Structures are given as structure tokens and as C-alpha cells.
Amino acid sequence: MIRTVKIFPPIGIARLGKSPDGYFIGPERPVPPTVPDGGFRDGAGLIKRQAARFRLFGFDEKGKLMGEVTFDQAAAITWTVRIANTKAAADRFFGRAEPNPGPRNAAIQNRDQLKLAPDAVSVSGKNANFTDLGQSRTAGMAKEFMINQEFLGRVIQLGLGTATTDDQGRLLVLGGHGESKSPTGNPLNAPGSNFANHDGWYDDVSDGVVSATVTLKDGSNPTVTSAWVVVAPPKYAPGIHSIVTLYDTLLQVAVDRNLMPVRLPTRVQAIDRFRHSADPDSRRKYAVGLFGREGPVQSRYVFSSHLQKSPSTCQGCGVFQTFDSLEKLTHFCRRLVPFVALPYLSSVRKSVGPKSRTDIGSTVAYA
């Protein structure tokens, strides 16, 4: 029996697009992206918006997954989305080595008018025509996040996005259309401005909470764990993936801030065997185990703590591998700790000098 319901993905990514009604559903699996029907642009050449789709999954009293919750199990499902853009009221962006420069638009006393926060939008039911936003709006199945408020003393009207459901009642959230303006006519090169900070401006990226209420066919109302939606700019090169994923970044932050424990018993064992094995083949096997099938993410933040110092400070840790070619060393470094290992690899290339690429049996990569 379903006792609790969770919304997946916990963080959904939508993207801006200039097309009025053209959109596609964003990637839902970590595989090479497929080109949406008709491509990434509409008939007028405008970029389509990327929708984030959210689903409900039910769990029993022991936390065991019971499956997706749709109208096959539920009598009623209502989704509620509350998004906002509060950049104009937030602190200015700054680097780690820089002091906090303070808030944007610091001279504005009424900070609430700097927050673009439309009313929450609720949608429910199956939308057989979800691919046609115009028809969905006419039928009342698609609703807009509309801003109509004072901003820096001027009334602005702005849409932050759209919410609707698909033909199974799952939630679709679309972002805005890439609008960025200054109601006061403030130039982009005003004093104190840079690529990330512009007083007197607003745009239509956003993020916020996704929640739902579910009534099952037995009349029960299980607790529903909410999710988050982030509306980002378009991904102009959808076929190119970052080596470091958003999951990697969030996991690293959680570990750095002691928000979750580091569970690495198998890694510790592998490192110990790696250090004490004299056989090169065994070392390669343990090296693959450190960042292979058992989980590449954990190995990245385990070894990055060493490599971020400098290769020379890692010699004492004893975790190393000998390669018989520079190609194997390159492959190992790139897979183990992207970006962090490459500077070390560069120093290895310089030290190799005129040697042949295959005559590097004594080259050692510390990790």
C-alpha cells in the first residue's frame, strides 16, 4: 500500500526559449540527447523552450518503491508550482577570493519590489493536447506565471513561464522567453557593472518549489515530498556534456559542508590494495575499481582533495599507478579527476620531453 509519494526528479531543469509556443521535453535519462521533433527551433527559427517533466512515485511504509503514481492509482492529482526571480534583490555575484560586494540595487529601500514573484499556479488532470500550448491554454489546461508589479518605480508585465500536464497527468514546467530589460534605461556599461551584475535590470530566469496533492482511489491522501525546478538559459550545444555533472557538483558541496557522510569503505579497501600491490596488472585492476563500475563520483571527490594541493604533495599518499604509454595515463587522469588532474598530466608531458610515447614505463601518476 502506498504511504508516501515523492516527486521526481528532485531538481528539474527547464530552459528559456524565444518561441511563443514551441517546446520540447528535456532529457530524462543520462544518455546522448535525441533531437526533438522538428528540431530545437520552431518554423520561424526561434529557439524552443525546454520543459521539465515531473512524475510521482509511491512508496510503502518500509520505503519500498511501489511504482509510478498516475491516474491508474489516483482519483485526483493536483500540481502546484511557485517560482520567482529575486536576483535584483540578492547579493551581487563575486568570486571566492573576493570580498562580498553587497546587494544589487543597494540604494533601493523597498527590497520586495525587486523580487519578481508571481502567484502560484496549480494544474491537474490529463491533457491530451499537451503538445499544443495554444490549444491547452484555450482549454484551461495550461497556465502562465505572470508578473504585473512595480519594479524600480515602474510597472512591468512579464511572463516567467507556463505550467501544464501531459496526457498521463504528469507535470510540465516551462520557463520564460529570454526577456531582459532595464525599465529605467540603465546602460549595461554603467559604473560598477560587469558580465554578471547589472543594477536596474531584470530577466526571466527563475526557480522554485514543485508540490502536489494526491488522493488515491482508496480515499487516502499520502504525504508528498516536494521537488524543485530551475529555469536556465538555453543549452546551445545540447550534444556536448560537461565532464562534471550537476550531481557531481551538488554531491561535492554536500560533503564539503558536512551535510552528508562520506561512505567509502570499498574505496578505502581498494586504495589499501592499490598501495601495497607490487604487480602492475593488479594495480591497474584496482585503479579501475577506484573509479569504475562502483561509482565514479565518489572517487572524484576522494582524489580531488589530493590533486588540488599539487602533484608533489601527493607522493606520500602512496596511491599511484604506472602506465606503459602516455595515452593510458591521459585516459586515467581525465576519467579520475577532470580538470584537476590535467595540470599534473601537463607537467608529466613536459618531463617526458623527447621520449617516445610508448617509452614511459616509469611515469607515475599520483592520485
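Here are the numbers:
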read-out	value
Selection status of VAL255, under 30 Å from PHE24 (Cβ atoms) and either open to solvent by less than 60 Å² (accessible area, probe 1.4 Å) or not in a strand (DSSP E or B) (or both)	no
Scan of the stretch 64-103 for residues that are basic (Lys, Arg), crowded, with 17+ Cβ neighbours inside 10 Å and in a loop (DSSP other than H, G, I, E, B), ordered by number	ARG92
Checking ASN221 against (1) open to solvent by 60 Å² or more (accessible area, probe 1.4 Å); (2) in contact with a strand residue (DSSP E or B) (Cβ under 6 Å, 6 or more places away or on another chain); (3) within 22 Å of PRO20 (Cα to Cα), the condition it does not meet	(3)
The stretch 210-238 residues that are on the phi > 0 side of the Ramachandran plot, paired with ones that are surrounded by 13 or more Cβ atoms within 10 Å (Cβ to Cβ) and among the charged types (D, E, K, R) (beta carbon under 6 Å, 6 or more apart)	none
Qualifying residue in the stretch 149-159 (condition: out of contact with any Ser or Thr (no Cβ under 7 Å at 6 or more places or on another chain), buried (at least 18 other Cβ atoms within 10 Å of the Cβ) and more than 17 Å from VAL230 (Cα to Cα))	yes
Tally of residues being touching a residue at least 12 places away in the same chain (Cβ under 8 Å), aliphatic (A, V, I, L, M) and closer than 22 Å to GLY169 by Cα across the stretch 37-73	5
Top-ranked residue in the stretch 104-144 [being touching a Lys or Arg at 6+ places or on another chain (Cβ under 8 Å) and of a type in the set (Val, Ile, Thr); ranked as surrounded by the fewest Cβ atoms within 10 Å (Cβ to Cβ)]	VAL121
Residues of the stretch 44-63 satisfying the condition of being open to solvent by 20 Å² or more (accessible area, probe 1.4 Å) and farther than 25 Å from LEU160 by Cβ	PHE57, PHE59, ASP60, GLU61, LYS62, GLY63
Boolean, ASN221 is farther than 18 Å from ILE83 by Cα, polar (S, T, N, Q) and modelled with pLDDT under 95	no
Scope the stretch 115-138; condition closer than 18 Å to THR80 by Cα and either part of a loop (DSSP other than H, G, I, E, B) or at pLDDT below 95 (or both); matching residues	ALA117, PRO118, ASP119, ALA120, GLY125, LYS126, ASN127, PHE130
Answer from VAL214, VAL210, VAL229, VAL173 - the residue that is open to solvent by less than 20 Å² (accessible area, probe 1.4 Å), of a type outside the set (S, T, N, Q), in a strand (DSSP E or B) and over 26 Å from ARG49 (Cβ atoms)	VAL214
Number of the exception - GLU150 against (1) outside any strand (DSSP E or B); (2) over 30 Å from VAL35 (Cβ atoms); (3) among the acidic types (Asp, Glu)	(1)
The stretch 234-252, residues that are surrounded by 13 or more Cβ atoms within 10 Å (Cβ to Cβ) and within 23 Å of LYS87 (Cα to Cα)	PRO234, LYS235, LEU250
Condition check for THR34: in a loop (DSSP other than H, G, I, E, B), in contact with a Pro (Cβ under 9 Å, 6 or more places away or on another chain) and either open to solvent by less than 30 Å² (accessible area, probe 1.4 Å) or free of Cβ contacts under 8 Å to residues at least 60 places away in the same chain (or both)	yes
Tally, over the stretch 176-207, of residues that are of a type in the set (D, E, K, R) and surrounded by 20 or more Cβ atoms within 10 Å (Cβ to Cβ)	2
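The values are calculated or read from the model by the stated rules, or taken from the named source; none is laboratory data. Everything numeric here is computed off the predicted structure, so don't read it as measured data. A quick note on method: Cβ atoms are made from the backbone with ideal geometry, for glycine too, and the neighbour counts reach across all protein chains shown. All accessible areas refer to the heavy atoms of the entire protein, side chains included, with ligands and DNA or RNA removed. Shrake-Rupley method; radii C 1.70, N 1.55, O 1.52, S 1.80 Å.
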